[in-house]
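The values are calculated or read from the model by the stated rules, or taken from the named source; none is laboratory data. None of the values given here were measured: they were computed from a predicted structure. Every residue, glycine as well, gets a Cβ built from its backbone with ideal geometry; the counts of neighbours run over all protein chains shown.
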Amino acid sequence: MPNVLALGLAFLTDQLITHASELITYSRGASSVAIRATYGKKLLKIDDGEGGFRIEFTDMDFLMRASDLILSAVAITPERGDTIAITVGVGTETFEVFPFNAEPAWRWSDPHRSMIRIHCKHVT
């Protein structure tokens, strides 16, 4: 019997990408790929090292299918320093994959590891 929750999640992932995403350019060095991603912001609760927490927002988060993130015919995971370019009006804005404090630069966005959430900072 198929896992009904996994099938439902796959359907919802497809719907999110089809109806609520935009084309972005993901780059590492000279390699790049145009893929569809959904934009978001992530509220991060960060340990201040003294028993307290501070709250920060990432500049931008991008949610995309993990299977779409392929550079030079190789599936990759995001790394600090990779860039994501988006079109804003007639211009382009660039974001750098960036880990905030002790948080990782990216994480799985679902239990079946079909989507990833990438934390980024605005660079240009």
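Looking only at segment 39-91, residues that are under 15 Å from the mean Cα position of the chain (by Cα), modelled with pLDDT under 95, part of a strand (DSSP E or B) and among the hydroxyl-bearing types (Ser, Thr, Tyr) come to 1 in all. Just to be sure I understand the filter: pairs with C-beta atoms under 6 Å, separated by 6 or more residues or on different chains, first member in segment 17-31 and under 14 Å from Val74 (Cα atoms), second member surrounded by 10 or more Cβ atoms within 10 Å (Cβ to Cβ) and of a type in the set (S, T, N, Q). Which pairs pass? Final answer for the pair search is Ser27/Thr83; Ser31/Ser72.
If you go through segment 73-107 and keep only what is closer than 26 Å to Asp14 by Cβ and either among the acidic types (Asp, Glu) or touching a residue at least 40 places away in the same chain (Cβ under 8 Å) (or both), you end up with Ile76, Pro78, Asp82, Ile84, Ala85, Ile86, Thr87. Each residue in segment 92-124 was checked for being more than 14 Å from the chain's Cα centre (by Cα) and over 30 Å from Ala6 (Cα atoms), and 6 of them qualify. Scanning segment 93-124 for residues that are out of contact with any Leu (no Cβ under 7 Å at 6 or more places or on another chain), in a loop (DSSP other than H, G, I, E, B) and aromatic (Phe, Trp, Tyr) yields one hit, Phe98.
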